[in-house]
Amino acid sequence: MYILNEKDYIRNILASKTKPADLPMGYFITLIAKYYYSDASDAETLSNIVKEKILEFQLDHYQEYKYHHKTVSVCQALFERTIPIRLKERNYIPIYENELNFIHSLPNDKSKKIMFTLFAVARYMECDGWVNKKDSKGIAEIFKLANVTATSRERNKLLHSFYLNGYISFSKMVDNLNIKISLDSSGEIIYKIKEFRNIGNQYIGNFKKGYRQCVICGKSIKVTGTNNQYCKKCVKEKQLEWQRESMKKLRETKRCEVS
């Protein structure tokens with residue numbers, strides 16, 4: 001899960017006392033710990049604050065003891081500075097001119113969408129171009145974010161071709177699948193990723209001639225007229241919405257005429 005402005009995100013969650021269903025518990029704990037972190041405090045005090053705040057959410061099936069170690073380890077890591085203490089506060093992730101020119105040079109849409117996504121994730125992680133992924137599940141997440149459907153074998157084959165061509169490099173450690181991208185911040189910022197989903201479709205919708213993104217779901221769609229804003233699925237839903245609004249107005253008009 002990628003949140004551009006973590007501070008606003010966790011502030012809103014704490015105010016609403018509602019944890020999003022797609023927010024992993026470990027990330028939830030980390031965000032709360034960072035939000036309440038203070039140099040004047042200590043790890044034990046912070047971990048107690050985090051536990052108290054989580055209890056306020058009255059989460060179904062939440063058992064504090066199961067997350068005790070995670071909470072304590074996160075708080076200790078903050079005070080030991082082994083993880084960043086500050087919440088991310090970014091409005092967008094930039095893609096630069098030279099990076100985009102390189103992506104355009106790749107041979108097919110699948111490669112372009114994956115590379116565009118790798119640049120986005122690498123810059124998001126702020127780890128000198130590293131896309132840190134522990135296992136194949138993390139790699140699958142990248143492909144999903146890129147809107148590319150592929151088997152494990154196909155994913156490995158594509159990444160291996162990137163490696164052979166010198167586009168990416170891998171970690172020397174055998175216990176992870178970390179990937180390194182050569183970020184290039186020279187030139188102008190050509191595109192700003194303001195929402196971290198459907199990144200592959202963002203590339204196609206903005207840079208492939210004759211395509212754009214559905215304004216509702218983010219799917220890339222082929223432009224066949226002047227008013228193509230929605231994919232087939234979303235346009236049907238919009239039509240139903242327009243019909244409901246039309247019927248509602250018609251009923252209100254008839255009521256007024258009767259009265």
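The values are calculated or read from the model by the stated rules, or taken from the named source; none is laboratory data. It should be emphasised that the depicted structure is a prediction, and the values quoted were computed from it without experimental measurement. Note that each Cβ is placed from the backbone with ideal geometry, even for glycine, and that neighbours are counted across all protein chains shown. What goes into the accessible areas is simple: the full protein's heavy atoms, side chains included, and nothing from ligands, DNA or RNA. Shrake-Rupley method; radii C 1.70, N 1.55, O 1.52, S 1.80 Å.
Just name the residue that is modelled with the lowest pLDDT out of those in the range 165-198 that are touching a Pro at 6+ places or on another chain (Cβ under 9 Å) and not hydrophobic (A, V, I, L, M, F, W, C). First the steps, then the outcome.
Keep residues of the range 165-198 that are touching a Pro at 6+ places or on another chain (Cβ under 9 Å), which gives 185, 189-193.
Right, trim to not hydrophobic (A, V, I, L, M, F, W, C) and you get 185, 191-192.
On the way: Ser185: 91, Tyr191: 96, Lys192: 95.
It comes out as Ser185.
Apart from one condition, Leu87 fits all of (1) surrounded by 15 or more Cβ atoms within 10 Å (Cβ to Cβ); (2) free of Cβ contacts under 8 Å to residues at least 60 places away in the same chain; the exception is (2).
Every residue, every condition in (1) outside any loop (DSSP other than H, G, I, E, B); (2) touching a strand residue (DSSP E or B) at 6+ places or on another chain (Cβ under 9 Å); (3) on the phi < 0 side of the Ramachandran plot, yes or no:
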residue	(1), (2), (3)
Ile49	yes, no, yes
Gln58	no, no, no
Tyr62	no, no, yes
Lys70	yes, no, yes
Gln76	yes, no, yes
Phe79	yes, no, yes
Thr82	no, no, yes
Ile85	no, no, yes
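Once the range 1-53 is narrowed to residues that are over 28 Å from Lys133 (Cβ atoms) and acidic (Asp, Glu), the residue that is surrounded by the fewest Cβ atoms within 10 Å (Cβ to Cβ) is Asp39. Among the residues making up the range 138-147, those that are more than 13 Å from Leu159 (Cα to Cα), open to solvent by 10 Å² or more (accessible area, probe 1.4 Å) and in contact with a helix residue (DSSP H, G or I) (Cβ under 8 Å, 6 or more places away or on another chain) are Leu145, Asn147.
Table: residues versus (1) farther than 30 Å from Ile199 by Cβ; (2) within 23 Å of the chain's Cα centre (by Cα); (3) among the aliphatic types (A, V, I, L, M).
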residue: Gln63; (1), (2), (3): yes, no, no
residue: Thr71; (1), (2), (3): yes, no, no
residue: Gln76; (1), (2), (3): yes, no, no
residue: Pro84; (1), (2), (3): no, yes, no
residue: Ile93; (1), (2), (3): no, yes, yes
residue: Tyr96; (1), (2), (3): no, yes, no
residue: Glu99; (1), (2), (3): no, yes, no
residue: Leu106; (1), (2), (3): no, no, yes
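So which residues in the range 97-137 are assigned to a helix (DSSP H, G or I), open to solvent by 10 Å² or more (accessible area, probe 1.4 Å) and closer than 20 Å to Ser171 by Cβ? Answer for the range 97-137, where residues must be assigned to a helix (DSSP H, G or I), open to solvent by 10 Å² or more (accessible area, probe 1.4 Å) and closer than 20 Å to Ser171 by Cβ: Arg123, Tyr124, Met125, Ser136, Lys137.
Looking at the range 53-66, which of its residues are of a type in the set (Phe, Trp, Tyr) and closer than 17 Å to Pro20 by Cβ?
If we filter the range 53-66 for residues that are of a type in the set (Phe, Trp, Tyr), which is where we start, we get 57, 62, 65.
Residues satisfying the conditions are Phe57, Tyr62.
Being in contact with a Gly (Cβ under 7 Å, 6 or more places away or on another chain) and under 18 Å from Ala146 (Cβ atoms) holds for only one residue in Asn206, Asn201, and it is Asn201.
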